[in-house]
Structures are given as C-alpha cells and as structure tokens.
Amino acid sequence: GKYYKPVMGNLKPYIMPFHKAARDTFWDKIQQHTGGELVNWRVMQYDVGDSIVAHTDIYDAGKKPANLSITIQLTDPSTYEGGMQYTFDEPNDLQLGDVGIIDYNVPHHVTEVTKGSRLVTNIRIFNKDLPLNEPSRRLIK
C-alpha cells in the first residue's frame with residue numbers, strides 16, 4: 001500500500017497500554033510547547049511498501065478544528081529502512097522518543113518503508129492563538 005495503517009490486529013494489545021502511558025507522560029510537556037487543546041491522538045504503523053505522499057494537513061470542516069500536527073517516534077530507526085519523514089523537503093532525523101511539531105500548512109511526506117516497520121504516534125492540536133502565516137517546525141528532544 002501507499003499509506004500507513006492504523007495499528008490493528010496482533011499489535012494493538014501491546015501498543016495501546018503504551019499509547020495511554022505516552023498520553024499521560026507526554027501531554028503536559030506537549031501542552032507547554034503548543035498551548036493547545038487535544039483534538040486527536042492516534043498510533044500509525046508503516047510496513048514495507050507504505051508511505052505518505054507530499055501534502056499539507058487541512059482542516060476538516062465536519063470535525064473539530066486542528067492546526068498543529070505532532071509526531072512522536074515510537075521505534076528505533078535502526079530497526080527499519082526508509083520511512084523518513086520530511087518537512088520543507090528536508091529530512092527529520094527523528095530518533096526513538098523524539099517529538100516533531102509542525103503547523104498544518106507545512107508541506108511534509110514520509111518515504112516508503114523498504115524493510116521492517118515504523119511506528120509513530122500522531123497528535124492533532126488546536127491552538128486558537130497560533131499565527132498560521134509563518135509555517136514552522138520544532139523538534140523536542
């Protein structure tokens with residue numbers, strides 16, 4: 001496939017406890033850096049052949065608004081090949097536990113995974129005070 005898969009099947013019982021622990025552990029720190037309201041928190045799995053084409057995130061008129069996208073790297077990059085996340089056509093060298101934050105209008109993509117599996121958690125935030133005229137990205141280590 002050409003897109004990530006939501007975490008399903010055999011991995012779900014193992015990932016979901018971590019998912020809750022990550023929310024409990026990271027949320028205060030994330031909120032310090034974003035000042036926003038949690039909209040959505042999901043785990044994404046990229047297997048061999050999976051990627052995401054270049055795009056910018058958009059507001060979905062039928063859903064709660066969001067304007068920040070946060071990625072937390074859940075797997076050690078040495079356990080898979082490919083699957084590099086890019087913003088502004090520059091690679092983001094996310095290591096296990098790194099947190100990347102981008103505004104919705106920042107172009108980004110993930111290259112095809114060629115070996116192994118990549119897991120990340122993706123968090124959508126709405127910050128009513130965020131200026132959207134200056135795209136930016138941040139990395140929290």
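The values are calculated or read from the model by the stated rules, or taken from the named source; none is laboratory data. Note that the structure is a prediction, hence the values are computed from the model and not measured. In this analysis, Cβ positions are derived from the backbone assuming ideal geometry, glycine residues included, and neighbour counts consider all displayed protein chains. Ligands, DNA and RNA are excluded from the accessible area calculation, which covers all protein heavy atoms including side chains. Shrake-Rupley method; radii C 1.70, N 1.55, O 1.52, S 1.80 Å.
Assorted remarks:
- Verdict on Thr114 being touching a Leu at 6+ places or on another chain (Cβ under 7 Å), among the polar types (S, T, N, Q) and assigned to a strand (DSSP E or B): no
- Which listed residue, of Ile52, Ile102, is under 30 Å from Asp129 (Cβ atoms), touching a Ser or Thr at 6+ places or on another chain (Cβ under 7 Å) and of a type in the set (A, V, I, L, M): Ile102
- Complete set of residues in the stretch 28-47 that are within 30 Å of Thr114 (Cα to Cα) and in a loop (DSSP other than H, G, I, E, B): Asp47
- Residue match in the stretch 88-111 (condition: touching a residue at least 60 places away in the same chain (Cβ under 8 Å) and in a loop (DSSP other than H, G, I, E, B)): yes
- Taking the stretch 48-76 as the range and being in contact (Cβ under 8 Å) with a residue 40 or more places away in the chain, open to solvent by 30 Å² or more (accessible area, probe 1.4 Å) and within 11 Å of Arg118 (Cα to Cα) as the test, the residues that pass are Val48, Leu74.
- Test: residue in the stretch 17-35 that is within 25 Å of Asp129 (Cβ to Cβ), more than 16 Å from the chain's Cα centre (by Cα) and at pLDDT 80 or above: yes
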